1. At 7 Å along the Cα-to-beta-carbon direction for both ASP263 and SER113, put a label point, then send me their distance in nm to one decimal.
2. Report, by chain and number, residues whose modeled amide H sits under 5 Å from the one on PHE131, excluding near sequence neighbours (fewer than 5 apart, same chain).
3. If you plug each phi of the range 128-138 into the Karplus form 6.51 cos²θ - 1.76 cosθ + 1.60 with θ = phi - 60°, what whole-Hz ³J(HN,Hα) values come out, in order, with x for Gly and Pro?
4. Using a Cα-Cα cut-off of under 16 Å, which lysines could be cross-linked to LYS59, ignoring same-chain neighbours fewer than 8 residues away?
5. Take ARG183, ARG204 and sort them by solvent-accessible surface of the protein heavy atoms, 1.4 Å probe, largest at the top.
6. Once the cut-off is 27 Å, how many percent of the Cα-Cα pairs in the range 173-331 end up in the long-distance tail?
7. List residues of the range 61-78, by number, whose backbone nitrogen lies under 12 Å from a label position 7 Å along Cα→C-beta of ASP175.
8. Quick one: among PHE170, PHE279, PHE82, which has the greatest mean-square fluctuation in a GNM of the chain with alpha-carbon springs under 10 angstrom?
Amino acid sequence: KFAREKIDATRIDAEAKMPQEIISGLGQLGILGLATPEEFGGLGLSQFAYAKMMEELGKICGSTATFVGAHQSIGMKAILLFGTEEQKKKYLPELATGAKIAAFALTEPNAGSDAGSIQTTATLSEDGSSFILNGSKHFITNAGIASLLTVFAKQEIEIEGKKEKKISAFIITRDMPGVTMDRDEEKMGIRGSVTNGFRLENVRVPKENLLGEPGKGFKIAMDVLNYGRLGLAAGCLGASRKLLGLSLDHAKQREQFGKRLCDFEMIKHKLSDMEIDIFVMESIVDLSVKTADRKDTDFSIEAAICKVFASEALWRVVNNAVQINGGDGYM
């Protein structure tokens with residue numbers, strides 16, 4: 001109801017901005033803290049419930065779904081999964097209400113899918129009280145509006161007498177000196193979702209802001225991204241459902257050569273292909289989120305399958321929707 005009445009997807013995309021009233025409204029509803037335990041100000045719901053919410057948002061506005069997913073599926077997820085009790089008490093309540101927004105900063109100009117090749121460094125200060133971070137991040141969703149950034153950097157770790165560079169995870173706040181945000185990226189779509197790069201120049205991060213164990217950041221990143229993949233797939237499912245509905249409505253109403261479009265064999269094939277993709281998306285997402293909710297099973301392969309299949313299936317659904325709607329689809 002909130003999404004239908006308050007979220008104007010066309011305006012959000014045209015203005016390339018997520019309105020503060022939408023952020024505040026989602027926070028008041030508890031949508032920005034769905035999976036956060038009640039003791040930290042959230043609703044404490046399951047991954048299944050979270051996926052259903054992402055599906056609904058996907059039907060209404062891709063920008064809003066991306067904003068919510070980046071904040072909750074990945075931005076604050078490392079604190080939920082690996083944070084100390086002190087870190088959770090300090091950061092989660094404001095993140096759950098939307099008073100503060102989170103972003104997940106792993107990608108760099110030369111490290112996309114190859115996350116292990118990041119170049120950002122973290123060096124322990126001489127007095128041992130903090131880490132000094134230097135480097136840059138690239139294509140970070142929510143970075144431009146985030147107060148909190150989960151940042152990954154390489155630090156020197158001694159393992160069996162040998163020094164090795166391993167990835168660690170850190171909580172960085174926007175107000176730390178040395179954090180410089182780049183301009184908002186101009187995107188082809190989901191323009192209301194803010195995407196930025198940023199630079200870290202001798203950013204002093206307190207030692208207590210280390211997330212998890214030193215050198216275990218790669219595992220933290222991968223565990224967090226498993227949840228992000230499930231949320232993304234659920235959003236693709238919602239968008240696909242919406243597109244099928246719009247296409248069916250058009251095909252039933254539009255007449256050419258004395259017949260409704262839906263009575264042409266070619267259009268029937270397109271509609272059935274869309275339905276097949278949606279059925280498979282729903283099946284794998286439901287199975288995977290329920291597996292995640294069990295909390296005793298590795299669901300990393302299932303999460304990866306969900307992201308790959310759902311994002312590619314959405315491309316097919318979009319293409320079929322544009323074909324069925326013709327000129328109206330392109331406009």
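1. Result: 4.7 nm between the two label points.
2. Long-range HN contacts for PHE131: SER125, VAL205, LYS207.
3. Here the 3J(HN,Hα) series is x, 8, 7, 10, 9, 9, 9, x, 9, 10, 9 Hz.
4. LYS1, LYS6, LYS242
5. Values: ARG183 165, ARG204 130 Å².
If we order ARG183, ARG204 from most to least accessible, we get ARG183, ARG204.
6. 48 percent
7. none
8. With Cα springs under 10 Å in the chain, the top fluctuation among PHE170, PHE279, PHE82 is at PHE279.
The values are calculated or read from the model by the stated rules, or taken from the named source; none is laboratory data. Just so we're clear, the structure is a prediction, and the values are computed from it rather than from any experiment. Counting neighbours? That spans all protein chains shown, and the Cβs are built from the backbone with ideal geometry, glycine included. In case anyone asks, the SASA skips ligands and DNA or RNA and just uses the protein heavy atoms, side chains included. Shrake-Rupley method; radii C 1.70, N 1.55, O 1.52, S 1.80 Å.
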